[in-house]
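> Quick one: the structure is below, and I'll ask about it shortly.
The values are calculated or read from the model by the stated rules, or taken from the named source; none is laboratory data. Not measured: the values here are computed from a predicted model. Here Cβ is always computed from backbone atoms with ideal geometry, including for glycine, and neighbour counts include all displayed protein chains. For the accessible areas, the whole protein counts, side chains as well, though only heavy atoms, and no ligand, DNA or RNA atoms are used. Shrake-Rupley method; radii C 1.70, N 1.55, O 1.52, S 1.80 Å.
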Amino acid sequence: MLSVLTRFFVIICVAFVLAFTTLSLWGGQWAIAVGISVISIPLVYAYINLARLRKYILADSVESMPLPSGFWEEVFFRLQRLVRNLKQHIRSIEQQHEHFIEAFQASPNGIVMLDESDQIEWCNSIAERFFGLIFKRDVMQRINFLIRRPEFIQYLNKRNFDEPLLMERMGRDGSLSLMLQAFPFGQKRHLLLVQDVTDLQKADAMRRDFVANVSHEMRTPITVLMGFLETVQSLELKKDQQDQYFAMMMSQAQRMKSLVEDLLTLANLESNALPATNTVVKVETLMALLKNDAEALSQGKHAFTFDLNSKCNLLGDEREILSAFSNLVSNAIRYTPDIGSIRVEWSVNEQGQGEFSVADTGPGIASEHLSRLTERFYRVDRSRSRDTGGTGLGLAIVKHIANRHQAQLVIESTPGRGSKFMLRFPKDRVTS
Ligand code: ADP
């Protein structure tokens with residue numbers, strides 16, 4: 001292909017030759033006319049091609065533009081390649097941008113990007129939910145106009161983002177606790193990261209309550225025990241008085257022992273592996289053990305019925321199942337007044353579920369307490385529970401064991417008439 005200068009030189013030469021020939025044949029004016037005409041031909045061609053180029057550029061279809069021949073072919077071809085490369089580059093940048101957005105959207109945390117004036121440049125859908133924002137509506141709005149909580153505005157104004165900020169009662173229904181921290185990036189911009197810490201906060205509160213409860217439960221018998229010890233030490237007591245004091249001290253020590261045992265049982269239940277699904281637990285054997293223990297605990301004060309209505313057995317952990325069953329039986333004995341009756345039953349229902357139930361004719365429980373009975377240290381009547389040697393952890397243990405066996409704890413009770421506690425095991429846990 002000829003270079004531009006060569007082409008230009010050829011055209012000038014042709015114009016000269018033709019003008020010179022015309023000059024010798026027809027005179028000066030004709031020679032100028034012919035020379036200009038020859039030089040104008042490439043200019044007209046260039047104009048036509050520039051007009052075409054303009055048309056394709058305006059229609060954004062440079063890539064599909066048909067190539068002219070000659071010098072302009074190279075110009076068009078290079079332009080097309082340039083546009084194609086540029087578009088490809090833009091597309092890959094857009095794809096990268098989309099990937100970043102998708103990654104930020106997939107984050108379980110709220111993310112808000114703020115510019116140097118704290119205007120929202122971008123936020124993900126979690127942040128929209130946390131703060132009630134709508135990105136399309138709130139983009140480029142100052143965030144302190146949208147989140148009006150004083151502690152947040154103070155945090156932003158202070159410009160010291162070393163520590164996170166805890167915001168409670170957030171979300172549409174005020175049930176969320178959010179931990180938020182701003183991180184500087186780029187040119188005085190900030191990335192706001194927001195984490196939902198509602199469950200962590202709840203777990204922390206539960207842990208604090210639990211420690212306070214355990215301390216309280218332990219302090220009472222220890223104080224009583226120390227009081228007795230001081231009395232025994234400082235007073236001259238007769239043998240029968242001493243025996244009386246020792247018996248009372250023993251009962252306080254027993255109370256502490258039961259509490260520690262129940263706490264250990266709960267801790268073990270929380271840390272142990274889930275019970276096996278293939279170990280057979282013979283319900284008939286459990287019922288015999290329960291009957292012996294119940295009669296010993298009741299000392300003939302209650303009338304018992306033990307009904308083994310099914311020969312089916314359970315699959316699970318024998319120690320755990322026995323612990324759950326005996327907790328229910330001992331509760332029935334402890335809360336049912338003397339001469340009351342207690343019925344312990346094992347059966348398999350029409351759906352194939354195993355049902356272990358303990359029904360008593362005790363005082364019953366008012367309906368407002370039923371949903372809270374399995375909470376640790378929850379008692380309907382504090383003094384009655386203590387009098388009967390209760391730790392307030394029995395039903396929490398039962399519920400835990402039930403969950404570990406995918407069983408359901410069903411409680412029915414009528415104040416003044418009695419209660420029925422039932423453990424319903426799924427069909428998969430029942431075996432022949
Ligand atoms: P506790 O060691 O105090 O018995 P539990 O967790 O076993 O603790 O029971 C929680 C509360 O449920 C008891 O304090 C008692 O008020 C009530 N409760 C449990 N079983 C019975 C029952 N059979 N009859 C009446 N109340 C009961």
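> Being within 39 Å of the chain's Cα centre (by Cα), of a type in the set (A, V, I, L, M) and either away from the ligand (no atom under 14 Å from the Cβ) or assigned to a loop (DSSP other than H, G, I, E, B) (or both): is that true of residue 373 here?
Spelling it out, residue 373 is indeed within 39 Å of the chain's Cα centre (by Cα), of a type in the set (A, V, I, L, M) and either away from the ligand (no atom under 14 Å from the Cβ) or assigned to a loop (DSSP other than H, G, I, E, B) (or both).
> Pairs only if they're at least six apart or on different chains, beta carbon under 9 angstrom, first in region 353-368 and at positive phi, second within 10 Å of the ligand (Cβ to nearest atom) and open to solvent by 20 Å² or more (accessible area, probe 1.4 Å); list them, first residue then second.
Listed by first residue and then by second, the contacts come to 364/413; 364/415.
> Find all pairs meeting these conditions: Cβ atoms under 8 angstrom apart; at least six residues apart or on different chains; first residue within region 260-289 and acidic (Asp, Glu); second residue open to solvent by 70 Å² or more (accessible area, probe 1.4 Å).
284/311
> Only residues that are under 22 Å from the mean Cα position of the chain (by Cα), free of Cβ contacts under 8 Å to residues at least 24 places away in the same chain and open to solvent by less than 100 Å² (accessible area, probe 1.4 Å): list them for region 169-187, please.
174, 175, 179, 181
> Can you tell me which residue within region 328-339, out of those that are more than 6 Å from the ligand (Cβ to nearest atom) and assigned to a helix (DSSP H, G or I), is nearest to residue 301 (Cα to Cα)?
333
> Turning to a different aspect of this structure: Only one of 253, 203, 276, 267 is open to solvent by less than 60 Å² (accessible area, probe 1.4 Å) and not in a helix (DSSP H, G or I); which?
Being open to solvent by less than 60 Å² (accessible area, probe 1.4 Å) and not in a helix (DSSP H, G or I) holds for just one of 253, 203, 276, 267, which is 276.
> Which count do you get for residues in region 379-432 that are in contact with a helix residue (DSSP H, G or I) (Cβ under 7 Å, 6 or more places away or on another chain), open to solvent by less than 30 Å² (accessible area, probe 1.4 Å), near the ligand (Cβ under 10 Å from one of its atoms) and outside any helix (DSSP H, G or I)?
7
> While we're here: Given the structure, is residue 342 within 15 Å of the ligand (Cβ to nearest atom) and not in a helix (DSSP H, G or I)?
So residue 342 fits the description; yes.
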